[in-house]
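Colleague: The structure that follows is given in the form of structure tokens.
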Amino acid sequence: MKNLAIAVLLLGLGVASCTQKDNQQQAQELNDKMPVFAVLDSVAYDFGTVQEGATVEHSFAFRNDGQFPLIINNVTASCGCTVPEWPREPIAPGGESTILVRFNSKGKPGPQVKTVTVYANTLPATSELRIQGIVEAAPDSTQI
């Protein structure tokens, strides 16, 4: 009787171990198919030098390199002077789109680095884009 109980226990542990391995394998297979936010050129854009008050725009092109639709939930900027625009519809596997980033340099003289964070159904769930450059101070019109 004792041997039977041990055999049943070992069999149960073996089945549980197989089930855990199957679950881990299935999870890994799903992870491998997850949407992938793949930037086509560069995650950073250097706009060079602009005069204070200028608005700089750049479109970051990307592709979904995963096997499920890519859904961008939100895109935020590190500063209110930077405004991102992104596609609201899912991006099909292999599909391409862009995220437009607009930076208003008014009141922002000097070196600038602005980060844009993309929140999507990807692993990891966030990706970062960057726009940077130098803003030359506008001449002071009050001094003559």
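Colleague: Taking interchain pairs and intrachain pairs at least six residues apart, which have beta carbon atoms under 9 angstrom, with the first residue in region 31-55 and on the phi > 0 side of the Ramachandran plot and the second exposed (fewer than 15 other Cβ atoms within 10 Å of the Cβ) and not aliphatic (A, V, I, L, M)?
Modeller: Gly53/Lys106; Gly53/Gly107
Colleague: Here's a follow-up. Tell me yes or no: at least one residue of region 15-30 is more than 28 Å from Ala120 (Cα to Cα), out of contact with any Cys (no Cβ under 9 Å at 6 or more places or on another chain) and either aromatic (Phe, Trp, Tyr) or at pLDDT 70 or above (or both).
Modeller: Checking region 15-30: not a single residue is more than 28 Å from Ala120 (Cα to Cα), out of contact with any Cys (no Cβ under 9 Å at 6 or more places or on another chain) and either aromatic (Phe, Trp, Tyr) or at pLDDT 70 or above (or both).
Colleague: While we're on this one: Tally time: how many residues in region 127-144 are surrounded by 13 or more Cβ atoms within 10 Å (Cβ to Cβ) and not small (Gly, Ala, Ser)?
Modeller: Counting residues in region 127-144 that are surrounded by 13 or more Cβ atoms within 10 Å (Cβ to Cβ) and not small (Gly, Ala, Ser) gives 7.
Colleague: Let me ask something else about it. Just to be sure, is Ala54 in contact with a Lys or Arg (Cβ under 6 Å, 6 or more places away or on another chain) and of a type outside the set (Lys, Arg)? Reasoning before the result, please.
Modeller: Working: in contact with a Lys or Arg (Cβ under 6 Å, 6 or more places away or on another chain): no; of a type outside the set (Lys, Arg): yes.
So Ala54 does not fit the description; no.
Colleague: Right, another one. Just to be sure before I move on: is Ile91 touching a Lys or Arg at 6+ places or on another chain (Cβ under 7 Å) and either surrounded by 15 or more Cβ atoms within 10 Å (Cβ to Cβ) or under 30 Å from Asp32 (Cα atoms) (or both) in the structure I sent? Write out each step before concluding.
Modeller: Working: touching a Lys or Arg at 6+ places or on another chain (Cβ under 7 Å): no; either surrounded by 15 or more Cβ atoms within 10 Å (Cβ to Cβ) or under 30 Å from Asp32 (Cα atoms) (or both): yes.
Judged against the criteria, Ile91 is not a match.
Colleague: Now for a separate question. Mind checking which residues of region 97-112 are of a type in the set (Lys, Arg) and more than 16 Å from Ser78 (Cβ to Cβ)?
Modeller: Across region 97-112, the qualifying residue is only Lys106.
The values are calculated or read from the model by the stated rules, or taken from the named source; none is laboratory data. What you see is a predicted model; the values in this text were computed from it and never measured. Don't worry about glycine lacking a Cβ; one is built from the backbone with ideal geometry, like all the others, and counts go over all protein chains shown.
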